[in-house]
Each structure stands twice: as C-alpha cells, then as structure tokens.
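The values are calculated or read from the model by the stated rules, or taken from the named source; none is laboratory data. Treat the numbers as computed from the prediction; the structure is a model and nothing was measured. Neighbour counts are summed over all protein chains in view; Cβ atoms, including those assigned to glycine, are modelled from backbone coordinates with ideal geometry. Calculation scope for accessible area: heavy atoms of the full protein, side chains included, ligands and nucleic acids excluded. Shrake-Rupley method; radii C 1.70, N 1.55, O 1.52, S 1.80 Å.
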Amino acid sequence: MSRLSSPSEWVAPLVPIASLAVLPLGPIFFPRTYLIVLFMYFSVFLYSQMNHVCKFWMTSKKIQNTVKKKREEDGELEPFYEHVFIIPNYCEPEELLKDTIHRIASHRYACSHYGLILAMEQSEIGWETKARRLQSYFIDQFKDIVITGHPSDIPGESRGKGSNVAFAAQHGCRALIENGMRGDRIMITVTDSDSMIPALYIEEVEARLAESEHPSYLVCAPPIFFSRNCFDVPAAVRVTDITWSAMVMSNLSNSHGLCIPCSNYTLSMNLADEVGYWDTDADAVGEDMHMWLKCFWKTKGEARTAPIYVPINLTNVQTTGYLSNVNARYIQAKRHYNGVADVAYTLKNAVRCSSVTWYERIKVCLIILEAHMIPATSGWLMFAAVPLMQLILFPPVSSLALVSPHNNPILVSDFYAHLWTLIKIITMCLPLPLVATLSIYEHLHRAMDRDFFHQKETRTWAHLLDYVNLPIAAWLFMTLPSTLACVKRLLNRQEKYITSEKLLFNDNLILESTI
C-alpha cells in the first residue's frame, strides 16, 4: 500500500506547494483572506523567533557557566555507568578516525569504563582490515573494542547512519556484555567520525543521570559547534552551519525535556532495547530526530531529553574548490531535510498515543512541524510575499493591473489598509531576531574557542562580513532543499543516500572524509 494513503503523509508536501501557490494567486483571487493569512503567519513567525532568541541566550549562559565551573575544578569524577561509543563510518580515512578515537581515549577513565564500537559498512572495500588496525592501535586504551560490519543487503533497510547504528548497537553491545560489561549500566553515545567529545561531556551526562528518578529514560543531548575548520570553507557554508548550530542550541532550552538531539547524543542500552533500537527504513533517515521521537512515543511520553551544556566540536563540510564546497554543503542539506518523513510519523503517533497528554502531543507536533515546515515556507513568503502583492495590487503601469481598484481591499477598506501597513512593518522586523541570535553566537563562539577548545584562531570583527552571504545561503541550503524534500514525498520513492566530503587538516596533512 502506498504511504500516501495516510492523510498525515500529505501535510509535508502540501504545505510548501500551498505557500508557493498563494504567492501569485492570493492577491488575485482572495486578497482579503490572503492579507489575514500573511498577518497571522508573519506575527507567529516573529513571536517564535523572538522566543528562540531567549532560549538561545539561556543555553549560551548555561554553556559558559558549565565550562567556567569545570575550569575551577580539578580532575575527572569516576563514572558510575559504562559508556559505549558507537562511531558509524563509511570510507573514512584512518587518520580521521584515529583523531576522533584518540580524543575519547584521552579521558581518564577510558580504560576502565569505556567501550568502543567501530561501526563499519561491509560495502566498503577493506573495511575489516582497517577496523582491525584501529582496534589493535587502541586496544590498550579502552575497556573493550568491538567491530561490527553492517551488511548492505538486509531486506527493507535503507542505507545511512541509522541502519549502521542499529546494527552496531544490537550486535556490538551484545559482544561487550559477553566480554564482561554490565548491560544495565551501559550508556550508548552515538557520535560522528569527526566529533571532538571532551571528558566534561561524560561528567555532565553522569551528573544528569544521577539527578534523574528515571535515568534509563533520559536522552542526553549536547550543543554542537563548527570550529575545527571553519576558516577553511566558503563564508556561505560557514554562516549556514552557524545558524544550524544556533538552532540546535535554542532547541536545548525547550521546556519539559522536549528537545531534539542533533548528531551526537547518549541514551541507555535499556531504552534502546525497549523501543526496538533504531529504525532502518527510508523514513528514518533523520536518525537522531527519529530515534528521539521513537523513544518518546514508544515509552508513552516517559523518555525525555537532558540537555548537556558541553559543546561538541565538529568540522564543516569541506572540499577542494569553492563551488565544489558549496555543492557538497547543498548535498548535505538535502540529506538533512529528507528527515521530513518524521512529520507524518509524528502526526500518526500523536493521534494514536492516547496515554500522552494532549498538551505534550501538540507540543511535540509543533516542534517537528516548525523544524521542517518553517524552512520550506519562510524563505518564499518572507522574500516574495510582500513585493509580489505590492506588484499585483499596485502595478507600476495601469495596463498591467490584474485586480481592479474596486476589488482592491487595501483601497476600499480602512481595516485592510491598516492590516497591509502592519504586515509591511512586521516584515521589516523579521530580521531582528536573527541579528540578536548572531550577536549572542559571536560572543559564545569566541568564548568557547578561547576557554574550552583552545583554538589558535577565532572569529574576529572582520568575520561579521560573512553574514552578507546569509540571504543566499538561507535560500540555497535551507529553503530550496527543504522544499524539494517535502515535494518529493509525493513520489513515493526511496532517496539515494549520498555522503558529503570533508577535509581534516592535521599537522599540514589533508585527509578526505565522508559523513
């Protein structure tokens, strides 16, 4: 049966299609209704963005306080739990993986409390030989290291990070338990191949688990930064990842623990086992968001997020050549927004899961709808709605008029004339929350580079010129790929999983990587 037989599947594709259709049709056929819709949309959008600014500021202060507290303390506390790190990878250079693993191995209690799962793909030529070399290199630095090879021909699976993590978690954790780890104390941390995970992250995870009445139902989520190679990529790529990072951090201050993890996160093996581990079909391509939603719905709302205010430093997508780099970031954006499948998944479960309060069901739906529908609509409406309506209702040449003056509500009604003025004022104010967000980010980025990452180079006032690229970057890396991802839901076909290139600069050695 086609997935389009479910009404929830039509929401994602119809929303951007409708937003594009009303741009020319609204002023011509139903201008009064269109004016009211624009006023409501822009008002709600402005309010939500101001709310995000406040939440981002809260997260920023908590991150700085956490780092400051750590600087005033000495040593690492011995963990109560046993931490298992899953590093899914496909065709990653060994030096990149070594760098990532080495940073984890440098933690004080890695030998006694850490397990490592090298989640390889069998479709990679020489995967087992490479994994064995890494295992041999780090064998004395972890409590245990196991290797999993994810087959490429499992029926019903879609290629991607989620299917690899699902296979690694089930088979790798089983092997770790057989080798002596306690299953009831295993905390699984899913990480990317380029993530710098500091020891402070594990300390804060331990602290949140100790404070919780139900630690097995916690999903720990950190903020993400892009500070490792940010000066080696085009400004358009840099500002895109800055705004992405800011959105993730704003999300961490959502109330009631309803925060979506991004890229790196930690949860108990018991929780993963209870919900049936990670889904592996094509609709679960956004593995981090989808796994959180699955945990929330399968536990009837018991699973919650514990924000961990310790930034994880990642690398920007980077290739050799400006246009090549921009294209690689666009490919990554398309893959990210294929997670729009979670809109239908959320709506279906919100209707079915009666054991969760209506408030929380609606709250989760709004979070997911905002994450996917705002990118697919705001770019079109913010940039084109007012200018196009102005052109149609007040053309520069009367012979081009599509709406007669007596049918123009702005001319014949004081109410709609005032409403039109309010809409133009609101649209002028729409960039203000973004300016506030970027101001907070600039301060935070410099503080983290100086006090936590100890980067040799950080952002300066000259880098504020980066934001000149923001309108183009927002359209190219947000509006366009999110709109295409939504509309492609009508085609009922599986998207090909394509990885994006990255480069790692390490002691003047350039290493190519995929994510």
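Here TRP380 passes the criteria (1) farther than 23 Å from MET247 by Cβ; (2) within 28 Å of the chain's Cα centre (by Cα); (3) open to solvent by less than 70 Å² (accessible area, probe 1.4 Å); (4) not hydroxyl-bearing (Ser, Thr, Tyr) except the one numbered (1). So in region 316-346, with the set limited to residues that are of a type in the set (Ser, Thr, Tyr) and closer than 21 Å to ASN251 by Cβ, which one is surrounded by the most Cβ atoms within 10 Å (Cβ to Cβ)? The residue in question is THR346. Against the conditions (1) touching a Ser or Thr at 6+ places or on another chain (Cβ under 7 Å); (2) among the hydrophobic types (A, V, I, L, M, F, W, C); (3) under 27 Å from SER268 (Cβ atoms), CYS91 satisfies every one except (3). Selection of strands (runs of 3 or more DSSP E) fully inside region 244-342 by the criterion of at least 1 residues being in contact with a Phe, Trp or Tyr (Cβ under 7 Å, 6 or more places away or on another chain) and under 21 Å from CYS173 (Cβ atoms) returns nothing.
Quick check on ILE362: is it modelled with pLDDT of 95 or more, open to solvent by 70 Å² or more (accessible area, probe 1.4 Å), among the β-branched types (Val, Ile, Thr) and more than 28 Å from the chain's Cα centre (by Cα)?
Details: modelled with pLDDT of 95 or more: yes; open to solvent by 70 Å² or more (accessible area, probe 1.4 Å): yes; among the β-branched types (Val, Ile, Thr): yes; more than 28 Å from the chain's Cα centre (by Cα): no.
No.
Run down PRO234, PRO261, PRO215 and say which single residue is open to solvent by less than 20 Å² (accessible area, probe 1.4 Å) and over 14 Å from VAL310 (Cα atoms). Full working, then the answer.
On the way: PRO261 fails: over 14 Å from VAL310 (Cα atoms); PRO215 fails: open to solvent by less than 20 Å² (accessible area, probe 1.4 Å).
Sole residue among the options that is open to solvent by less than 20 Å² (accessible area, probe 1.4 Å) and over 14 Å from VAL310 (Cα atoms): PRO234.
The single condition from (1) at positive phi; (2) at pLDDT 95 or above that ILE87 fails is (1). Being open to solvent by less than 70 Å² (accessible area, probe 1.4 Å), among the β-branched types (Val, Ile, Thr) and more than 27 Å from THR483 (Cβ to Cβ) is not true of ILE392.
Quick check on THR59: is it open to solvent by less than 40 Å² (accessible area, probe 1.4 Å) and either in contact (Cβ under 8 Å) with a residue 24 or more places away in the chain or among the hydroxyl-bearing types (Ser, Thr, Tyr) (or both)?
yes
With respect to (1) more than 24 Å from PRO311 (Cβ to Cβ); (2) open to solvent by 10 Å² or more (accessible area, probe 1.4 Å); (3) modelled with pLDDT under 95, the lone exception for SER163 is condition (2).
Name the residue, out of MET50, MET40, MET1, that is at pLDDT below 95 and either within 25 Å of the chain's Cα centre (by Cα) or open to solvent by 70 Å² or more (accessible area, probe 1.4 Å) (or both). Even if it seems obvious, please write down each step before you answer.
Values: MET50 fails: at pLDDT below 95; MET40 fails: at pLDDT below 95.
Exactly one residue qualifies, and that residue is MET1.
Residues satisfying the criterion are present in region 28-36 (criterion: open to solvent by 50 Å² or more (accessible area, probe 1.4 Å), basic (Lys, Arg) and touching a helix residue (DSSP H, G or I) at 6+ places or on another chain (Cβ under 6 Å)). Inspect region 245-254 for any residue being in contact with a Cys (Cβ under 9 Å, 6 or more places away or on another chain), β-branched (Val, Ile, Thr) and open to solvent by less than 10 Å² (accessible area, probe 1.4 Å) and give the result as yes or no. Among the residues of region 245-254, not one is in contact with a Cys (Cβ under 9 Å, 6 or more places away or on another chain), β-branched (Val, Ile, Thr) and open to solvent by less than 10 Å² (accessible area, probe 1.4 Å), which makes the answer no.
Can you pull out every residue in region 95-119 that is under 25 Å from ASN229 (Cα atoms) and open to solvent by 40 Å² or more (accessible area, probe 1.4 Å)? Correct list: GLU95, LYS98, HIS102, ARG103, SER106.
Which of the residues spanning region 407-445 are more than 22 Å from MET50 (Cβ to Cβ) and open to solvent by 50 Å² or more (accessible area, probe 1.4 Å)?
Of region 407-445, the ones more than 22 Å from MET50 (Cβ to Cβ) are 407-418, 420.
The answer is ASN407, LEU411, VAL412, ASP414, PHE415, HIS418.
Just one of ALA175, ALA221, ALA131 is modelled with pLDDT of 95 or more and surrounded by fewer than 21 Cβ atoms within 10 Å (Cβ to Cβ); which is it? Walk me through how you get there before you give the answer.
Details: ALA221 fails: surrounded by fewer than 21 Cβ atoms within 10 Å (Cβ to Cβ); ALA131 fails: surrounded by fewer than 21 Cβ atoms within 10 Å (Cβ to Cβ).
Residue meeting the stated conditions: ALA175.
Looking across region 64-89, the residues that are surrounded by fewer than 23 Cβ atoms within 10 Å (Cβ to Cβ), assigned to a loop (DSSP other than H, G, I, E, B) and touching a residue at least 60 places away in the same chain (Cβ under 8 Å) come down to GLU76, LEU77, PRO79, PHE80, TYR81. Scanning region 273-306 for residues that are farther than 26 Å from ALA333 by Cβ and among the hydroxyl-bearing types (Ser, Thr, Tyr) gives TYR277, THR299.
Please indicate, with yes or no, whether at least one residue in region 46-63 is farther than 30 Å from PRO431 by Cβ, among the hydroxyl-bearing types (Ser, Thr, Tyr) and either assigned to a helix (DSSP H, G or I) or out of contact with any strand residue (DSSP E or B) (no Cβ under 9 Å at 6 or more places or on another chain) (or both). Working first, answer last.
Looking only at region 46-63, we keep the residues that are farther than 30 Å from PRO431 by Cβ, and these are none.
No: region 46-63 contains no residue that is farther than 30 Å from PRO431 by Cβ, among the hydroxyl-bearing types (Ser, Thr, Tyr) and either assigned to a helix (DSSP H, G or I) or out of contact with any strand residue (DSSP E or B) (no Cβ under 9 Å at 6 or more places or on another chain) (or both).
Residues of region 107-121 that are in a loop (DSSP other than H, G, I, E, B) and in contact with a Pro (Cβ under 9 Å, 6 or more places away or on another chain): HIS107, TYR109.
For region 102-127, enumerate the residues that are under 14 Å from VAL146 (Cα atoms) and aliphatic (A, V, I, L, M). Answer for region 102-127, where residues must be under 14 Å from VAL146 (Cα atoms) and aliphatic (A, V, I, L, M): LEU116, ILE117, LEU118, ALA119, MET120.
Taken over region 134-160, the criterion of being buried (at least 20 other Cβ atoms within 10 Å of the Cβ), at pLDDT 95 or above and assigned to a loop (DSSP other than H, G, I, E, B) is satisfied by PHE142 alone.
Per the listing LEU293, LEU271, LEU267, the residue uniquely closer than 21 Å to TYR337 by Cβ, open to solvent by less than 10 Å² (accessible area, probe 1.4 Å) and at pLDDT 95 or above is LEU293.
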